[in-house]
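Have a look at the structure below before the remarks.
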Amino acid sequence: MNDRLLHKWDVDLNEARKIQERLSKHLVLEPYTLGKCMVAGIDVSFRKSTQEASAAIAVMSYPQLRIIEISIARMKMTFPYIPGYLAFREAPAILEAWAKLKTKPNLLVFDGQGLAHPRRFGLACHLGVIFDLPAIGCAKSHLYGDFVEPAQEKGAYSHIIDPAKQDKIGAAVRTRNNVSCVYISPGNHMDIESAVRTIFSLTHRYRLPEPIRYAHKYSGKGWEE
DNA sequence: GCGACAG
DNA sequence: ATCTTGTCGC
């Protein structure tokens, strides 16, 4: 964790944008090779009625993909959902769940965008930079950039292009036959091809990679009592 | 002004 | 994301 880059989350939109632009200078895009490690799936669910957020971090061993530890944290949410600023809504709960985690993972998979973002700094980049760990954004829907629909067969993918600079910022990926795409982009210490390759390695029977499936399952399980 | 818009 | 039952399709 790079404590020097921690900042307040209760800010206005102009300040939030400046924080994204400042922290994005710390992004490192580089090849990543998946090997024996601890991989974490991270997801947050909400309760509209109580204005509460529930973050879950599911740590799994790779390549066994067995659950090693689950950390859940609930808290009041303050920041609204604004496309392009998801980190300011979800990060506080994620950081609290992280603090309670015994097993610190060395690869992070987030339920949201990474580089495929208007300012190239989605949720996966923001927390990937703060944790200073390899991170991947794995979103269930598209936010920013142009792409052509990949073939329907598992394994097919096409690059997401930034309409501003015309360069690659991610990929629309078919993880199973005849399912909708997932949108993959680098978070930190990761390049596009490494991110796509890694997501395929973490995906088995379902559309979403295993760490994300478990994180989603447990984030919605923090409401009992 | 119009359409798009992670969770 | 959340609020919700049954229901269409492989």
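The values are calculated or read from the model by the stated rules, or taken from the named source; none is laboratory data. Here the structure is a predicted model, which means the values were calculated and not measured. We place every Cβ from the backbone using ideal geometry, glycine too, and count neighbours over all the protein chains shown. Surface areas here come from the heavy atoms of the whole protein model, side chains and all, with no ligands, DNA or RNA. Shrake-Rupley method; radii C 1.70, N 1.55, O 1.52, S 1.80 Å.
Table for the structure above
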{"read-out": "Some residue of region A:185-196 being open to solvent by 10 Å² or more (accessible area, probe 1.4 Å), outside any helix (DSSP H, G or I), at pLDDT 95 or above and of a type in the set (S, T, N, Q)", "value": "no"}
{"read-out": "In region A:65-106, the residues that are within 16 Å of DNA strand C (Cβ to nearest atom), touching a strand residue (DSSP E or B) at 6+ places or on another chain (Cβ under 8 Å) and more than 19 Å from residue A:141 (Cα to Cα)", "value": "A:72, A:73, A:74, A:75, A:76, A:77, A:92, A:93, A:94, A:97"}
{"read-out": "Region A:78-125 - residue that is within 10 Å of DNA strand B (Cβ to nearest atom) and under 15 Å from residue A:56 (Cβ atoms) and, of those, farthest from the chain's Cα centre (by Cα)", "value": "A:90"}
{"read-out": "Residue list for region A:17-60, restricted to those being within 11 Å of DNA strand C (Cβ to nearest atom) and over 18 Å from the mean Cα position of the chain (by Cα)", "value": "A:47, A:48, A:49, A:50, A:51, A:52"}
{"read-out": "Any chance residue A:75 is surrounded by fewer than 20 Cβ atoms within 10 Å (Cβ to Cβ), in contact with a Phe, Trp or Tyr (Cβ under 8 Å, 6 or more places away or on another chain) and of a type in the set (A, V, I, L, M, F, W, C)", "value": "no"}
{"read-out": "Number of the exception - residue A:197 against (1) more than 12 Å from DNA strand C (Cβ to nearest atom); (2) under 15 Å from the mean Cα position of the chain (by Cα)", "value": "(2)"}
{"read-out": "Test: residue A:172 is within 21 Å of residue A:202 (Cα to Cα) and touching a Cys at 6+ places or on another chain (Cβ under 6 Å)", "value": "yes"}
{"read-out": "Residues that are within 13 Å of DNA strand B (Cβ to nearest atom) and over 16 Å from residue A:105 (Cβ atoms), drawn from region A:24-51", "value": "A:24, A:44, A:45, A:46, A:47, A:48, A:51"}
